[in-house]
Amino acid sequence: MLHLMCALQIIVGDFADTVQGRLGSHDGEKGASTVEWVIITGFLIVLAALVGRVIYGLVQDASSNLEVPSLGGGD
């Protein structure tokens, strides 16, 4: 799972660099760059939600295997 998360971070980083390079070459198109940034931000929000859901699932799976000791009550 860690391998997948690292790969996603590398892909997103490369994607962000590519987009920044393309946006820098279009100085006269401020409206288009704003729309592109909104799309990129939406993509990153969805990606963060997916990663959060995966982490939540991993924690839930790990917590279901825990054994909680019972307190020996003094009957």
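Observations on the structure shown:
- Tally of residues being within 18 Å of Gly52 (Cβ to Cβ) and without any contact (Cβ under 8 Å) to a residue 40 or more places away in the chain across segment 5-22: 5
- Residues of segment 29-71 satisfying the condition of being among the small types (Gly, Ala, Ser) and either part of a helix (DSSP H, G or I) or in contact with a Phe, Trp or Tyr (Cβ under 7 Å, 6 or more places away or on another chain) (or both): Gly31, Ala32, Ser33, Gly42, Ala48, Ala49, Gly52, Gly57, Ala62, Ser63, Ser64
Every number in this text was worked out from the coordinates using simple rules, so none of it is lab data. Computed from a prediction, not measured in an experiment: that's the story for all the values here. Positions of Cβ are generated from backbone atoms using ideal geometry, with glycine treated the same way; all protein chains shown enter the neighbour counts.
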